[in-house]
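Written out below as structure tokens is the structure these notes cover.
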Amino acid sequence: MAAAASAAPAAKAQDAAVPVDRAEIQLWFAPVAKRAAPAVVNIYARRMAPRCASPFQGDPFFERFFQGLMSRGRSAQNSLGSGVVLSADGVVVSNHHVVGGAEEIRVVLADRREFAADVLLSDAESDLAVLRLQGATDLPHLELRGSAGLEVGDLVLAIGNPFGVGQTVTSGIVSALARSRAGPGGGAGYFIQTDAAINPGNSGGALVDLQGRLIGVNTAILTRSGGSNGIGFAVPADLVAQLVAQAEAGRSTLARPWAGIAGQPIDSALAEAIGLERSIGLVIAETHPASPFVAAGMRRGDVLLRLGGEPVTAAAELEFRLAAMGIGAAADVDYLRDGAALSATVQMIAPPEDPPRDTRALGPDTPFPGMRIANLNPALADELGAPLSASGVAVVDPGLASRVGFRRGDVLPSLNGDAAPNARAFEALAEARPRAVAVEILRDGRRGALRFRL
């Protein structure tokens, strides 16, 4: 028993050892590449997009001479990317920007087998998508490794199909963790940063550790030239696992837990103001009464330190931690209040649909023909990106009212000075058909008004 006990730590130390010369690096990387590369695939996606309208469209003179070039319709667009096989029966993860909206997807394995694929779930915010290969069995696949224990400086390999030249393996290290930046979909992202070369075509490929486990899906680079500058980003495998679980459960969109709080990162000035020795955590600046964090006992001014044992230092990091846990889970939270360390358990819940949306389409005789409005609740506010404190009526679709400046997501507290607490009240005010219209608008956290005459 003593021998067995001593062998286990020795084996663990050997697994964590770092190669010290070129010969050891070659011995380490070749087996890892041989193990992981067969599970990384090439993805060819085809989608139909509207043709760009000609500036001379509708001009009879130019249409007469360029009628063949000005025909309307759609044109085919092809995209190339990579993917990672996660199960023997053909579950593949890739990027949303590779397969999103595709009408035809072909997946080619490293051994040159080809499969048609269907999209099970695609999420633009995380830039991830889950595919199922048709008729696939007994495929090579990778094991997922979460971010726990991952450290800056760990050696990693990036595997993909850059520039369409064929499968390529590049090496590097983990350059940073918990990196937040603008994601490809325009939303906030949360990434592992690496200096392993990632180029166009690598999107959706694998970032693996030296045991051949998937630690992230390559998704974006920072570049001015279009090529790799040594700053690449991968979506952590923690979120990939949650995405695959929801896809296999039959969901077509990713359901994220709702925090019901808004936080502010702590810089040195704020840390000094609230009595912290260093800049750690996320101070809670705003709460919703239905927030699960409020239900757990937290309040405005508390400093959130850790969720589920992992640090939280930015809003994007909190969103990532919640999404990776999934609705229905529970997590311990550590926080500070007036310098005292406290802890609680938070339940992961979906954003509440209270009050009911009561979506209404305004008629053609109102000042807002075709506009669709709804009662603003936490679920709709989450979809529209409205502030936690916003309430009342929200624009779901501006319809023809977009011509006078209305946008999806506008919150409309009043019409012509009369309060509109819900969709029914706003509809009644609009059906009075006023000739002069003044609508109060809350947009992007700022208050304003739109005025026009009929």
task = Could you please find all residues in the range 325-356 being among the small types (Gly, Ala, Ser) and closer than 19 Å to Gly281 by Cα?
result = Ala331, Gly339, Ala340, Ala341, Ser343, Ala344
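Considering each of Gly186, Gly166 in turn, give the residue that is open to solvent by 60 Å² or more (accessible area, probe 1.4 Å), at pLDDT below 85 and either part of a loop (DSSP other than H, G, I, E, B) or of a type in the set (A, V, I, L, M) (or both).
Every option except Gly186 fails the conditions.
Report yes if some residue within the range 424-440 is outside any helix (DSSP H, G or I) and closer than 30 Å to Arg306 by Cβ; otherwise report no. Please lay out each step first, then the result.
From the range 424-440, those outside any helix (DSSP H, G or I) are 431-440; that's our starting set.
Applying the additional criterion that residues be closer than 30 Å to Arg306 by Cβ yields none.
There is no residue in the range 424-440 that is outside any helix (DSSP H, G or I) and closer than 30 Å to Arg306 by Cβ.
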message = So, Val396, is that one touching a residue at least 24 places away in the same chain (Cβ under 8 Å), over 30 Å from Leu282 (Cα atoms), open to solvent by less than 60 Å² (accessible area, probe 1.4 Å) and part of a strand (DSSP E or B) or not?
response = yes
message = Looking at the range 184-195, I want the residues that are within 25 Å of Asp154 (Cα to Cα) and have a partner that is open to solvent by less than 20 Å² (accessible area, probe 1.4 Å) and at pLDDT below 50 with Cβ atoms under 9 Å, at least 6 apart or on another chain. Which pairs are those?
response = Gly189/Gly183; Tyr190/Gly183; Phe191/Gly183
note = Selection over the range 318-337 where residues are within 12 Å of Leu239 (Cα to Cα) and in a helix (DSSP H, G or I) yields a count of 7
request  = Would you be able to say whether some residue in the range 343-353 is in a loop (DSSP other than H, G, I, E, B), of a type outside the set (Asp, Glu) and touching an Asp or Glu at 6+ places or on another chain (Cβ under 6 Å)?
outcome  = yes
task = Report, ordered by the first and then the second residue, all pairs with beta carbons closer than 7 Å, sequence separation of six or more or different chains, a first member in the range 233-259 that is touching a residue at least 24 places away in the same chain (Cβ under 8 Å) and under 17 Å from Ala329 (Cβ atoms), and a second member that is open to solvent by less than 50 Å² (accessible area, probe 1.4 Å) and acidic (Asp, Glu).
result = Leu243/Asp123; Leu254/Asp123
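Criterion first (assigned to a strand (DSSP E or B), surrounded by 19 or more Cβ atoms within 10 Å (Cβ to Cβ) and in contact with a strand residue (DSSP E or B) (Cβ under 7 Å, 6 or more places away or on another chain)) does Leu131 satisfy it?
Details: assigned to a strand (DSSP E or B): yes; surrounded by 19 or more Cβ atoms within 10 Å (Cβ to Cβ): yes; in contact with a strand residue (DSSP E or B) (Cβ under 7 Å, 6 or more places away or on another chain): yes.
Judged against the criteria, Leu131 is a match.
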message = Which pairs turn up if I take residues in the range 361-375 that are touching a residue at least 60 places away in the same chain (Cβ under 8 Å) and look for partners that are assigned to a strand (DSSP E or B) and of a type outside the set (Gly, Ala, Ser) with beta carbon separation below 8 Å, at least 6 apart in sequence or on another chain?
response = Leu362/Arg372; Leu362/Ile373; Pro367/Val437; Pro367/Phe452
message = Every residue in the range 286-311 that is in a strand (DSSP E or B) and open to solvent by 40 Å² or more (accessible area, probe 1.4 Å), please.
response = Glu286, Thr287, Arg306, Glu310, Pro311
request  = Given the conditions (1) at pLDDT below 95; (2) of a type in the set (A, V, I, L, M, F, W, C); (3) outside any loop (DSSP other than H, G, I, E, B), report the number of the one that Val84 does not fulfil.
outcome  = (1)
key: Failed condition for Asp354, given (1) over 30 Å from Ala329 (Cβ atoms); (2) open to solvent by 60 Å² or more (accessible area, probe 1.4 Å); (3) touching a residue at least 40 places away in the same chain (Cβ under 8 Å)   = (1)
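Can you tell which of Ser391, Ser402, Ser414 is surrounded by 14 or more Cβ atoms within 10 Å (Cβ to Cβ), free of Cβ contacts under 8 Å to residues at least 60 places away in the same chain and in a helix (DSSP H, G or I)? So that I can check it myself, show each step before the final result.
Working: Ser391 fails: in a helix (DSSP H, G or I); Ser414 fails: in a helix (DSSP H, G or I).
After ruling out the rest, the residue left standing is Ser402.
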Flag for Ala262 being over 22 Å from the mean Cα position of the chain (by Cα), surrounded by fewer than 20 Cβ atoms within 10 Å (Cβ to Cβ), over 30 Å from Ile173 (Cβ atoms) and modelled with pLDDT of 85 or more = no
query = Has the range 140-162 got at least one residue that is at pLDDT below 90 and closer than 16 Å to Val98 by Cα?
reply = yes
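Among the aliphatic types (A, V, I, L, M), within 16 Å of the chain's Cα centre (by Cα) and open to solvent by 10 Å² or more (accessible area, probe 1.4 Å): does that describe Leu276? Let's see the steps before the verdict.
Values: among the aliphatic types (A, V, I, L, M): yes; within 16 Å of the chain's Cα centre (by Cα): no; open to solvent by 10 Å² or more (accessible area, probe 1.4 Å): yes.
Judged against the criteria, Leu276 is not a match.
Do the conditions hold for Leu254, that is, is it surrounded by fewer than 20 Cβ atoms within 10 Å (Cβ to Cβ) and either at positive phi or not acidic (Asp, Glu) (or both)?
Working: surrounded by fewer than 20 Cβ atoms within 10 Å (Cβ to Cβ): no; either at positive phi or not acidic (Asp, Glu) (or both): yes.
It is false that Leu254 is surrounded by fewer than 20 Cβ atoms within 10 Å (Cβ to Cβ) and either at positive phi or not acidic (Asp, Glu) (or both).
The values are calculated or read from the model by the stated rules, or taken from the named source; none is laboratory data. This one's a predicted model, so the numbers in the text were calculated from it and none came from an experiment. FYI the Cβ positions are ideal-geometry reconstructions off the backbone, even for glycines, and counts take in every protein chain you see. Remember, those area values only see protein heavy atoms, side chains included, never the ligands or the DNA or RNA. Shrake-Rupley method; radii C 1.70, N 1.55, O 1.52, S 1.80 Å.
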